[in-house]
Amino acid sequence: MADDKDVLRDVWFGRIPACFTLSPEETTEREAEPYYLLLPRVSYLTLVTDKVKKHFLRVMKAEDSTEMWFEYEGTPLKWHYPIGVLFDLHASNTALPWNVTVHFKNFPEHDLLHCTSNSVIEAHFMSCIKEADALKHKGQVINDMQKKDHKQLWMGLQNDKFDQFWAMNRKLMEYPTDEGGFRYIPFRMYQTMGERPFIQKLFRPVSPEGHTLTLGDLLKELFPAAICAEEHSCDLVATLPRPGTGSQTAGRNSDQAQRVEYGASIDEPKRFQVMIHGIEPLLETPIQWLSEHLSHPDNFLHISIIPAPSD
């Protein structure tokens, strides 16, 4: 992979300030003070909130301390989604700190998976890595690793050790130079209002004609509404050829120029934001580069599509 360690490090050490408050539905022996924590974007809520649990258990009766779960403004937060994805989906345009409510009872069985120990998180994490490598390398790289190598990936995430994790993960990001990228890009595309949890589809980083494919190409194929503003123009976007040199957009600002090149009118306001790690990457960014540098530790590129702020 291209050696851009500064980008990898910035992604790894991304943090979200959060304020955890105990739900008023919980029974306590005395008032529960809020607990503040910097949450790693690339980790999982149930992996980094032991201190939160200990803090609130001090004011609760032992018989009331069942499995802890979290919600934000009435939405249960799925622990098996990376923290950064949860924030981008549900709270990216709100003021910080992120106000998360803590529960110990009335577990929402239909909305959340149970997570009784770190071994459950580890199993989910390794399953995602294996699925990602099946897409990238037909599973050959992860299968050639030893059990201790798998454990090094997990321990790097669990203990927040960038160098420990990337010493092994680098192997999963390699590909033959003559192929121009991975076999397929492991990605998941999320919408808060979508009928299914996320979209996955086989998508190659290079077209059959040898063109480098971009984030805009992926969106044009799977969610053209993220590029155009009016629904009737989305049908047009879906039929447009792949963007060329972009000469027709010269002189316009970057965001407008990209959207024109991918088929949107310059006068149309954006209906959606496309977020990866809390930023909106340029539509012209090669999807292979994004996969190498902005994937989460599970080796998936998590893309959140949210309504654009009305202001």
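The values are calculated or read from the model by the stated rules, or taken from the named source; none is laboratory data. What you see is a predicted model, and the numbers here were worked out from it, not measured in a lab. Positions of Cβ are generated from backbone atoms using ideal geometry, with glycine treated the same way; all protein chains shown enter the neighbour counts. The protein model used for the area step is the full one, side chains on, heavy atoms only, and it has no ligands, DNA or RNA in it. Shrake-Rupley method; radii C 1.70, N 1.55, O 1.52, S 1.80 Å.
Here's how it looks for ASN99: its modeled amide H is under 5 Å from those of CYS19, which are all 5 or more places away or on a different chain. Rounded to the nearest 10 square angstrom, MET126 shows an accessible area of 20 square angstrom against a 1.4 Å probe. Apolar share of the accessible surface for the stretch 116-238: 49 percent from carbon plus sulfur atoms, 1.4 Å probe.
Taken over the stretch 34-156, the alpha-carbon convex hull comes to 129 cubic angstrom per residue. For ILE16, the residues 5 or more places off, or on other chains, whose built amide H falls under 5 Å of its own are LEU39, ARG41. A simple spin-label model places pseudo-atoms 7 Å from Cα toward Cβ; at TYR36 and GLN200 they are separated by 3.9 nm. Beyond 22 Å in Cα-Cα separation lie the following of the pairs LYS78/LYS147; LYS130/LYS201; LYS54/LYS105; LYS53/LYS105; LYS5/LYS161: LYS78/LYS147. Packing order of peptides 78-84, 200-206, highest average first: 78-84, 200-206 (average count of other Cβ atoms within 10 Å over each peptide's residues).
Label reach from ASP160 (point 7 Å along Cα→C-beta): in the stretch 27-50, amide nitrogens under 18 Å belong to 35-50.
Charge tally for GLN140 (other residues, Cβ to Cβ under 12 Å; Lys, Arg +1; Asp, Glu -1): +2. Take the Cα of GLN140, step 7 Å toward its Cβ, do the same at HIS114, and the gap between the two points is 4.1 nm. For GluC sites (Glu not before Pro), the sites in the stretch 1-79 that DSSP calls loop and that have at most 11 other Cβ atoms within 10 Å are GLU25, GLU29, GLU31, GLU73.
Database remark: amide H of PHE187 closer than 5 angstrom to the amide H of LYS201, LEU301 (H placed geometrically; neighbours at sequence offset of 5 or more, or on other chains; Pro and chain starts carry no H).
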